Amino acid sequence: MQQIATPVQSARNDPQPAPAPKDSCIIPRDPDFELYDNVGRDADQIQAARYNLATRGDLKRWAQRDAQPFRAAYPLPDQPWPAPDLTPYLDALAAARTPAEIDAVTDHVLDAAEPALRALSDYLVAAARWKQENRDAAKGSPSHLLMTAASRALSALALADEAGLNRLRAAYDPAPAPAAGGTMAADETTTPEPGQVPLAPLPDHRNVHTPWWQELWRRHAHVITPLRARGLQCDIEFGLSTYNVRVSLPDDSYLVISPPHDPPSERPPGDPEGWIATREHPDDPTLFEVIYDSAPSNDPSAPQRPEARHGGSTQPLIEAIDHRLAQLRLLPHPALPHENSHVPPAQPSPLPPRVLPPASPKAAPPTRRTP
């Protein structure tokens with residue numbers, strides 16, 4: 001007859017957690033934290049007991065117990081926020097037949113959801129700033145995670161809005177077919193010649209095939225080419241009032257290299273009176289640093305930055321970016337000792353006109369939903 005092990009015997013046969021080193025400091029545990037047996041415990045608790053760890057349920061239970069006096073003093077609503085009725089939106093979505101019709105429905109949903117998402121984001125920001133924990137918060141800390149959550153709550157609106165714009169652009173402003181033989185003369189050769197530095201690939205979007213984007217790319221080649229030679233992928237984007245160079249970095253942050261925008265530069269794209277380079281992160285609004293700023297100051301009393309004397313020169317800009325990215329270990333390919341990072345600016349030529357659909361008599365709504 002096979003002998004059935006009792007729970008106590010089973011527990012004795014289970015692997016035991018390794019003993020703590022002699023010199024280690026034993027942190028006092030919560031009185032409720034005891035080594036679990038197999039009676040009345042879930043699988044997570046039994047597994048966590050092997051390593052003397054608390055589970056999520058343990059942490060929540062202890063916190064609810066200790067917060068009872070606080071909850072009594074500050075009563076909070078027990079009911080969740082009312083869920084919206086999506087029936088009319090889903091009915092309209094099922095009946096939509098054109099990009100304009102589906103965009104009308106989606107815009108209405110986003111407008112209805114925006115106040116709740118913004119309220120959630122505002123609370124998460126306030127929680128991240130509790131006791132000023134957000135100051136010098138390390139990546140992965142509670143404050144950093146809350147700030148990231150606040151940003152992503154609004155990112156849902158921005159991504160949905162961008163999807164709608166892309167759908168409308170494909171319907172009203174389609175990109176021309178790429179010319180035979182490649183998209184751009186400067187990038188027709190995929191294999192570099194001997195002694196030539198390989199460049200980072202072109203951006204992967206439809207505008208690469210448009211004449212106006214290619215002209216802007218050509219005008220910024222003296223900034224873009226040295227960065228692509230360092231393995232950094234670049235793109236041209238339109239900012240608040242200027243055309244900017246956006247540089248993707250290995251840690252998912254990015255650089256924005258722009259001319260002065262307050263007030264906007266009146267010089268041709270790619271040949272401004274100064275450059276401003278900043279580093280930002282899409283999921284971390286607290287990450288913002290100015291790497292280079294040679295734009296002239298409009299305030300005579302404000303101290304001039306050292307690089308202001310360089311004006312629109314490109315070589316000091318590239319050198320400053322090299323130095324900072326090397327410090328952060330975000331430079332895929334360092335500059336070669338013999339490399340000359342200065343490429344003369346391209347001579348401006350008129351941008352080709354773009355044919356757009358007739359404007360609606362109704363004024364366009366203000367830009368919104370940017371996290």
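The values are calculated or read from the model by the stated rules, or taken from the named source; none is laboratory data. Please read these numbers as outputs of a predicted model, since none were measured by experiment. Ideal geometry is used to build each Cβ from the backbone, glycine not excepted, and the neighbour counts take in all protein chains shown.
Condition check ((1) under 24 Å from E307 (Cβ atoms); (2) in a loop (DSSP other than H, G, I, E, B); (3) in contact with a helix residue (DSSP H, G or I) (Cβ under 7 Å, 6 or more places away or on another chain)) across all residues:
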| site | (1), (2), (3) |
| --- | --- |
| L199 | no, yes, yes |
| R218 | no, no, no |
| S241 | yes, yes, no |
| V247 | yes, no, yes |
| D251 | no, yes, no |
| I257 | yes, no, yes |
| D271 | yes, yes, no |
| T278 | yes, no, no |
| P282 | no, yes, no |
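Quick check on region 171-186. Is at least one of its residues farther than 26 Å from W81 by Cβ and at pLDDT 75 or above? Yes, region 171-186 contains at least one residue that is farther than 26 Å from W81 by Cβ and at pLDDT 75 or above. Quick check on my filter: what residues within region 220-239 are assigned to a loop (DSSP other than H, G, I, E, B), buried (at least 18 other Cβ atoms within 10 Å of the Cβ) and either in contact (Cβ under 8 Å) with a residue 40 or more places away in the chain or hydrophobic (A, V, I, L, M, F, W, C) (or both)? If the condition is that a residue be assigned to a loop (DSSP other than H, G, I, E, B), buried (at least 18 other Cβ atoms within 10 Å of the Cβ) and either in contact (Cβ under 8 Å) with a residue 40 or more places away in the chain or hydrophobic (A, V, I, L, M, F, W, C) (or both), then H220, R230, L232 are the ones that fit.
Every condition in (1) buried (at least 21 other Cβ atoms within 10 Å of the Cβ); (2) modelled with pLDDT of 90 or more holds for P260 except the one numbered (2). Only one entry of A67, A149, A73 meets the criterion of being among the aliphatic types (A, V, I, L, M), exposed (fewer than 10 other Cβ atoms within 10 Å of the Cβ) and on the phi < 0 side of the Ramachandran plot, and that entry is A73.
The helices (runs of 4 or more DSSP H) found wholly in region 67-177 and carrying at least 2 residues that are without any contact (Cβ under 8 Å) to a residue 40 or more places away in the chain and under 30 Å from S253 (Cβ atoms) occupy 99-128, 142-172.
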